[in-house]
Structures are given as C-alpha cells and as structure tokens.
Amino acid sequence: MGLPPYATFGQRVWYYTFRVLVGIILFFLIAPIITIIPLSFNAQDFFTFTPEMLAFDPEGYSLKHYRAFFGDEGNPGTGLLIGLGIGVAVFAALFFMRGSKNVLPIIAGAVLGLIIGKMWGVEGTEWMTPLKNSLKIAPVATLISVSLGTLAAIGLSQSHVPFRRAIMAIMISPMIVPLIISAAGMYFFYSRIGLQGTYWGVVLSHAALGIPFVIITVTATLVGFDQSLTRAAANMGANPVRTFFKVQMPLILPGVISGGLFAFITSFDEVVVVLFVGSAGQQTLPWQMFTGLREQISPTILAAATVLISISVVLLVTLELLRRRSERLRGMSPG
Amino acid sequence: MTDATGPIKAADGRPLKASLNRALRREKMRALMLIAPLLIFVLVTFIAPIGDMLFRSVQDDITSRTLPQTVVALDGWDYDSGSPPDEAVYEALYYDMFFAAEAKKHTALGSRLNYETTGISSLFRQTGRALDDMGEDVIEAMEDNVEALDDSAFWAALFLTEDPVDAGNANAALSWATSVADEPVRLPEGLQMSVAGATVFPKAAAQYVAFAAFTHTVDEDVPAEEDPWESVWIAMAQDTSDAGFADRLANYTGPGAAELAPLQEAVAAPLAELSFQAAFLDQDEDWADAEIWGTIQAFSSPYTAGYFLTAVDRELTPAGAQVVEDDVKIYLKLFWRTLWMSLAITFSCILLGYPVAWLMANLPDRSANLIMILVLLPFWTSLLVRTSAWKVLLQQQGVINDLLVWIGLVADDGRLALINNATGTVIAMTHILLPFMILPLYSVMKGIPPSYLRAAKSLGATNWTAFWRVYFPQSVPGIGAGSILVFILSIGYYITPEIVGGTKGVFISNRIAYHISSSLNWGLAAALGTILLVVVLALYWAYDRIVGIDNVKLGG
C-alpha cells in the first residue's frame, strides 16, 4: 500500500498522519514494557528516571535490584558445570552413535543445570523461593495438560465423535469462565476434598486452566493432518501405538509444543487461582509480585518484571520458529 | 442391498451393513476412550468446583443445622403477630443453644445471621456465655436432695448400658447432636442408650446421649468421668413434671432407683418457677424482639434466595424481600460500574485497535510481521509485569506525570491522579486487552479483498464513502468478535483493578475476592460469582454464534 505518485496534498497529509497515529498506538502498546527495563537498573529506590540516568551517567545505573532479586543462595556455578557436562556427554553420545550435530542438548543442559543449581537448597528468600515454587508447579501442570490434552485432541479430531460440541464446550470452559469465578469454585470445592492449600491442589487447578490452550492448538494442527498417513502406516503393519509415535506425533509435535508453551505460561503467569487455592508454601512468583504491588512496592519488582519479559521474549521467538516449522512441514510457505 | 444371493457380505461372512456399523461403533468407542481421561479430569478439577459454587449460592443450612429443634418449634409462629414466640420455642432454643455453645458453633451462626440483622452476633455470643446459669435453682435443688447426681458415673449408669437387651435406639438424639456439632458424633464402642433409663427420663436420656457422644467423639473424654452439662440436669427435672412420671419411676428397677425417689418432690417448686422465656429475656431483652425471631425464621430453610437478594441490593427480611437502604446499596452500583467500565475499555480497544489492524492488513507481509511482533510482545508479557509497569508509570511521582510536568502541561503541584481510580483501571486494562481486539480484527480484515475499495473508488466514491460504505461493513464481524472477547475478559478481571483501581475503579470480581478471603461471606461471594458467570456464559454463547469457538486463534 504505497502512496501513488498522483496523490493529492490532502491524501499525503492523511497518509502520514495515519501512520503517525498507528505509531503512537504501537508506542502505547510497547512503551510501558520497554520503560521499566531501564528503570530496573536504577541506582536509587525511585520509580522514575533520576537526573543521573537521563544524563547517562554510569553512577545512575546499578544492578542492585537484580542482586536483591537473585540473592546469593544456591549453587548456580556448580549446577551450570554439571548441566554443561551432562549436555556435552549427551551430545557426544548422539554424535558418535548417529552423527547428529544438534547442539540442543548442550544448551538445554547448561540452562537446566544453571536453573536447578540456583534453586537448589533455596529456602525462605523473598524472590527465589517463589520462583522455585513457580518452577515446581508450572512444569508438572504443563505435563498433565499436554498429555491429557493431546490424547483428547486426537480423539476429538476423529470423524465420528458423539456429543462433539458439548465435549468441546466443557474442555474449553476453563478459558471462558472468569478466573475469579474459577478461583472461588476451586477454593470452595478443594477445601471440601482437602486439596486446598496443597501443592497438588495448585498443580491440578493450573493443569485445568492450561487444557483449553492445548486442545485449541493441537486441534488446529490436526486439521491439517492427513489421516491417510495413519491408514498407510496401519496398512504396512504398524500397530496404533507405533503409528502414533512414529507417524502422527512427529507431525503434530510443533502444535503440541506450542500448546505446552501456552499451558506453561498460563501456569507460570497465573495469580488469581493460586491466591485462593494455594497457601504460603505454594507462593509463586506472580503471587509475590502481586503482594509486592499491593502492599510495599519495592523496585526489586522491576528487576523481576524484566526477567519475566526476557522469558516471554524467548518463548515468543520459540513459538514463531515452531509455527514456521509446522507450516514448512505441511508444505506451506512460511509467512 | 439384496440381489439373488442375499445381502452383500463382508470378507468374514457377516452382512456388510452390520460389519460397517460395528466398525463405526468401534471407531466411536476409540475416540471416546481417548477423550475420556481429559473429560473426567476437567469434570473433577473444574466443572465440579463451579457446580459447588452454584450450590453454595443457594445453600444456607447453618440455621436449620445449628438450631434444629428451635426451627421446628418456630414453624407455627407468625411474624406478623409481632409478639414473641411461646415458651416451647424458648425451651427448644435453650437445648439447641446449650449444645451449640458447648460445640462452639453458636458464634458462627450469630455471624451468619448478623449479615442480615445487625446485633445478632453479639446477642448470640452473650447468651451463649450465660446459658450455664439458667435454671440454677432447679439444679441446686437436685444437688441438695439427690446426692448421687454429683457422681458422673451415676449418670452414665442411668442412661448408658452395655447390655444388648436393654439397648435402645438413640438415633434421634445422635442425629440432633451431629447436626448441631456439624460433625458425626457417636457413643463409645459397646455402649448403648439404656431403654430403662429412657423410659423414665425421655428428655434427659436424649440430652445425656448427645452429651456423651459429643464428649466421646469431639472432646475425646470418657463420658462416665465427666459431669453432665446443666442442660441434662434441666431435662431430667423437666421429665419429673410429666404425668405418669411417678408410676414410671415406681416400675423402674435399674441402677439408682432408690436414690432418685426424692427427685420429683424436690424439684417441683423451683421447676414451677422456671421459665425459659423469662430466662432468655433476663439475659437480653432482644430475645423478645420479633425481628430477631423473624430473621431466624426467614433463614431456617436449608436453601435460600437470600444471597442472591443481597447481591442485587435486596434483603430477605421476615416480611419478605425488600430493597435495602440507600447508603448500603453497593452491589447494583458495582455491577453497573463493572459493565460501563468494561464497555469503556472495549470501546477504547476498538478505537485503538482498528487503525493498527487496518495498517497490518494492508502492509506487505514483512512490515506487517514486524507490527505483529510489537502486538504480540505485550500479549506474551506477564500480566503482572504489565500491571506493575502501569502502577509505576501512573504514580504521582511516576514517569508520565514527570513527563507532563517537564513539558509544562501540568503544574508540579497539580500532578494528575492517574492511579487508584477508574482512569487508571481503564488505561491499564485497555493496554492489557488491546491485543485481543487487534488479532481478531486483523484476521477478518485480511480476508477483505482490497479490490472492493478500488472498485468503489473507481465508481466515484470518495475515500470516506468507500471506507464507510464498503470496507467498514465487512470488518464489522471482526469488531464484534474482538469486542465480545475483550468485554468477556474485562468484566471478570481481578488483578489489574485490584492494583491500579483503588476504591473507585474496582470491579465486581474484587468484591467476590473480598467476600471469600476477608469477610468470609462465602454464600454471597458464590451468588455474585453466579450472576457474573451467567452474564459471561450468555456473552460466550453470543460469541460462539457470531464467530464459532473453533475459530479462536491464539497469537495470530
């Protein structure tokens, strides 16, 4: 949509005004998030830019909020070394056995080792304990919703499913019902059955909240799945389990992973339900941030926010790569 | 399907039709087997809790549970008469209250009824403390004349037995005790209510069984070693005033027959003076107030519409549902505010989202993708992060006010109050929900062929006419989808209003959270939640009609 050479003056003015307008709206979307990143490096305990910061004086910046956030407990160095070692070992094993040059095991090993090492033995700190709780809850909840959700999505995509609409409505409902209502209901019901205030209560509730995302993404991937492939596999003598793991799973894997990422972020970012269903022992990172925002707001929260922004950027990039891969696998051009 | 050789057969010799049907059935079963685990999971972890909440919004059995006999006795009383109920009601109240006070359940009931009529909570608490002293003349007379009653074991021998022949049915007393204590109580293993004792002292036997079961189950003490409550003594004294008591005692051959002989004569005088009504009124004159009794009567049913009435600023009074006074009307106002603020948020999202979506749909893919990333980044950023950003930016000493002061738009001492009010909530939530408007709008606009606009212009339409008469109507489904989505999300929002809304910018969800965690009025929270749920489901149904739930896309 370029500007044609014959455009009148009015059209030109409108053309540029409109773009400036959209630019301002996009600025409104992005600026709040971008602004808090430099603010998190503030050397003072203020929530605005100090004159030193505006003058780009190094004195005005510091990492003290990050030091407050991460603390100095745990053994990140040891964890990193061990994780890196395991990663390299796996890489070497794969390299010699299959000639694979995929460096994913090394990266994954290093990152996981670093995180686990940092979390190891952390008890009762202001920010690391909630982060640890989040990391203990979110993966388990994700695992439950992904495994059950993928199976059900495959079932739902078959051609003859009785009560398909009703079943779909029930499974999507955790996404539709306002969180405060889910939280209230779960609080009442889980207190009755003794799950309120327990780790498993939080995990189960988060798994329930993540399920719609898995169902939606996996069902969407299965729409493009060629059912004749499974018939071909069966024709050649593979049993349904083998067909599933060798034929269907690799093709729908991008959808499953992105569904899993959605489920993970749902749990990792969730605060309303955990506020009610959890107790002090399950205090998660968003919960700690919420408490901090409501009671005594300290600039450490900006460091926490910046860390979370980095995590979401990584997840966003991963999702985009997965989407492109999925489209490439299905023979569509990326775009 | 038939020819000369009969029905077509499948390879295994069955009729083809049956064989196909079987295959279809098996396929259905397999699909259901795959779905079943998740379905059960969602039903248990999610649908059951929602059902529980709906149930709680009408369930209100605390009155009928804690004061079972009183509620029954009160049934015949007429609130409109304006007079206090008769002696039988006060007697039932005495026994119910006594037990409830021992089980420490009367204060919970008092707080519950206090939501409806203020003052009941302290009335119950004070009366609960004074119950021990009611009828002390009677008890003194019993102690003075029947010394055996001072012995705890004597009571146990009188009313409890290990002999299966003498064992009586104590279910009525036990279910009454279970109801008041709100947990299952039972007699110690091997002990039963003695029929012989219960024949002579029916009331006292029931009271003693309740006492013994409670002592055994809740206090975990041995009943025969504990002094019975005053209520058991009073019940025994009351039994003596029955016609035929003398004959029954004469026929009684069980333990303590001789010791109990002087009982009837001894308590006759003080018992004649005992009036439960007078005793309660002596404690607090409010017990003569028809309002108190009317409240108890109005909430005596195990199910109530009371919470829903409260949720719409009505109250269930003894005289029926009535509008509450103006200064305590909050819920309709809050619902109304939730609705109009959600509308304001939806409208600002349309206003801001439409140009962005339009530009994205009309730019080449490469630039459109760049904008898409700018839209998706906030979408993917933690809600808490975005809310903290606004909390920081909108403060009086925050970046936005600093900027405005620096530009000179506002004076340093006239900094704008952007937070802890409705403005803060609308700004922050518009920012948070904007991607949910842009994404559906974009996917609809992407499907509008640009040639339509060119055709309109080549037919002589001005830019504005071409847009308004040709492009805009085609983008309306996108506006509808985005609006419903944003509206559904915003009326149920809790976190953002809680943090940036102060008191003037909070939603109904914040009130629900308050009733769950602070005021502990769970029934009201459930009723408010139910109303909100109905609104959301209605909107969801509309959304499904307009867009179709299968078309929900995540992240474009």
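The values are calculated or read from the model by the stated rules, or taken from the named source; none is laboratory data. Quantities reported herein were computed from a predicted structural model and do not represent experimental measurements. Every residue, glycine among them, receives a Cβ derived from its backbone with ideal geometry; neighbour counts consider all protein chains shown. Side chains are part of the model used for accessible areas, which takes the heavy atoms of the whole protein and leaves out ligands, DNA and RNA. Shrake-Rupley method; radii C 1.70, N 1.55, O 1.52, S 1.80 Å.
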query: Across region B:524-540, what is the total count of residues that are more than 8 Å from every other protein chain (Cβ to nearest Cβ) and open to solvent by less than 10 Å² (accessible area, probe 1.4 Å)?
result: 3
statement: Taking region A:169-206 and keeping residues open to solvent by less than 50 Å² (accessible area, probe 1.4 Å), facing another protein chain (nearest Cβ under 7 Å) and either over 27 Å from B:A527 (Cβ atoms) or among the aliphatic types (A, V, I, L, M) (or both) leaves A:M171, A:I172, A:I176, A:V177, A:I180, A:I181, A:A184, A:M186, A:L204
query: Could you count how many residues in region B:427-463 are within 30 Å of B:M341 (Cβ to Cβ) and touching a Ser or Thr at 6+ places or on another chain (Cβ under 8 Å)?
result: 9
message: Quick check on this structure: which one of B:N401, B:N420 is assigned by TED's automatic domain parsing to the domain that holds B:K504, more than 21 Å from A:I25 (Cβ to Cβ), open to solvent by 60 Å² or more (accessible area, probe 1.4 Å) and of a type in the set (S, T, N, Q)?
response: B:N420
- prompt: Is it true that some residue in region B:209-224 is of a type in the set (F, W, Y) and touching a Leu at 6+ places or on another chain (Cβ under 9 Å)?
  reply: no
message: Considering only residues that are at the interface with chain B (Cβ under 10 Å from one of its Cβ atoms), open to solvent by less than 20 Å² (accessible area, probe 1.4 Å) and of a type outside the set (F, W, Y), which ones fall in region A:263-272?
response: A:E270, A:V271, A:V272
- line: Screening B:L32, B:L54 for residues that are in a helix (DSSP H, G or I), closer than 30 Å to B:G294 by Cβ, within 14 Å of chain A (Cβ to nearest Cβ) and touching a helix residue (DSSP H, G or I) at 6+ places or on another chain (Cβ under 9 Å) leaves only B:L54
task: Out of the residues in region A:285-302 that are over 24 Å from B:V506 (Cβ atoms) and surrounded by fewer than 24 Cβ atoms within 10 Å (Cβ to Cβ), state the one that is nearest to the other protein chains (Cβ to nearest Cβ).
output: A:P299
- prompt: If you go through region B:356-375 one residue at a time, do you hit one that is aliphatic (A, V, I, L, M), without any contact (Cβ under 8 Å) to a residue 12 or more places away in the chain, closer than 18 Å to A:V20 by Cα and more than 9 Å from chain A (Cβ to nearest Cβ)?
  reply: yes
task: Kindly provide the set of residues from region B:163-181 that are surrounded by fewer than 16 Cβ atoms within 10 Å (Cβ to Cβ) and either under 31 Å from the mean Cα position of the chain (by Cα) or modelled with pLDDT of 85 or more (or both), ordered by number.
output: B:N171, B:A172, B:S175
- prompt: List the pairs whose first member sits in region A:239-250 and is under 12 Å from A:L151 (Cβ atoms) and in contact (Cβ under 8 Å) with a residue 40 or more places away in the chain, whose second member is part of a helix (DSSP H, G or I) and of a type in the set (S, T, N, Q), and whose Cβ atoms are under 8 Å apart, counting only residues at least 6 apart or on separate chains?
  reply: A:Q248/A:T230
statement: When region B:294-320 is checked residue by residue, the ones that are open to solvent by 60 Å² or more (accessible area, probe 1.4 Å), assigned to a strand (DSSP E or B) and within 27 Å of B:D96 (Cβ to Cβ) are B:Y303
query: Out of all the residues in region B:252-265, which are among the aliphatic types (A, V, I, L, M) and in contact (Cβ under 8 Å) with a residue 40 or more places away in the chain?
result: B:L260, B:L263
- prompt: Which members of region B:193-251 meet the condition of being open to solvent by 10 Å² or more (accessible area, probe 1.4 Å), within 24 Å of B:D133 (Cβ to Cβ), without any contact (Cβ under 8 Å) to a residue 40 or more places away in the chain and not polar (S, T, N, Q)?
  reply: B:K203, B:A206, B:D219, B:D221
- request: Could you list, in sequence order, all residues of region B:291-320 that are modelled with pLDDT under 80 and over 22 Å from B:I508 (Cα atoms)?
  value: B:T317, B:P318, B:A319, B:G320
query: Is it fair to say B:R511 is open to solvent by 10 Å² or more (accessible area, probe 1.4 Å) and within 11 Å of chain A (Cβ to nearest Cβ)?
result: yes
field: Options A:A152, A:A108; residue that is farther than 30 Å from A:F95 by Cα and of a type outside the set (K, R)
entry: A:A152
- prompt: Looking at A:L21, A:L29, A:L84, which one is within 27 Å of the chain's Cα centre (by Cα) and at pLDDT 90 or above?
  reply: A:L29
message: Return the residues of region A:94-104 that are open to solvent by 50 Å² or more (accessible area, probe 1.4 Å) and out of contact with any helix residue (DSSP H, G or I) (no Cβ under 9 Å at 6 or more places or on another chain); say none if nothing qualifies.
response: A:F95, A:F96, A:M97, A:R98
- prompt: Which residues, counting only those in region B:156-173, are of a type in the set (D, E, K, R) and either in contact (Cβ under 8 Å) with a residue 60 or more places away in the chain or more than 14 Å from B:A212 (Cβ to Cβ) (or both)?
  reply: B:D163, B:D166
- prompt: Looking at A:I137, A:I154, which is the one that is on the phi < 0 side of the Ramachandran plot, more than 20 Å from the chain's Cα centre (by Cα) and not hydroxyl-bearing (S, T, Y)?
  reply: A:I154
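Condition check ((1) among the polar types (S, T, N, Q); (2) at pLDDT 90 or above) across all residues:
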{"residue": "A:G185", "(1), (2)": "no, yes"}
{"residue": "A:S191", "(1), (2)": "yes, yes"}
{"residue": "A:L195", "(1), (2)": "no, yes"}
{"residue": "A:V203", "(1), (2)": "no, yes"}
{"residue": "A:A207", "(1), (2)": "no, yes"}
{"residue": "A:G210", "(1), (2)": "no, yes"}
{"residue": "A:I216", "(1), (2)": "no, no"}
{"residue": "A:A220", "(1), (2)": "no, no"}
task: Answer yes if at least one residue in region A:50-64 is more than 14 Å from every other protein chain (Cβ to nearest Cβ) and aliphatic (A, V, I, L, M), and no otherwise.
output: yes
Condition check for B:I40: of a type in the set (V, I, T) and either under 30 Å from B:R112 (Cα atoms) or surrounded by fewer than 21 Cβ atoms within 10 Å (Cβ to Cβ) (or both): yes
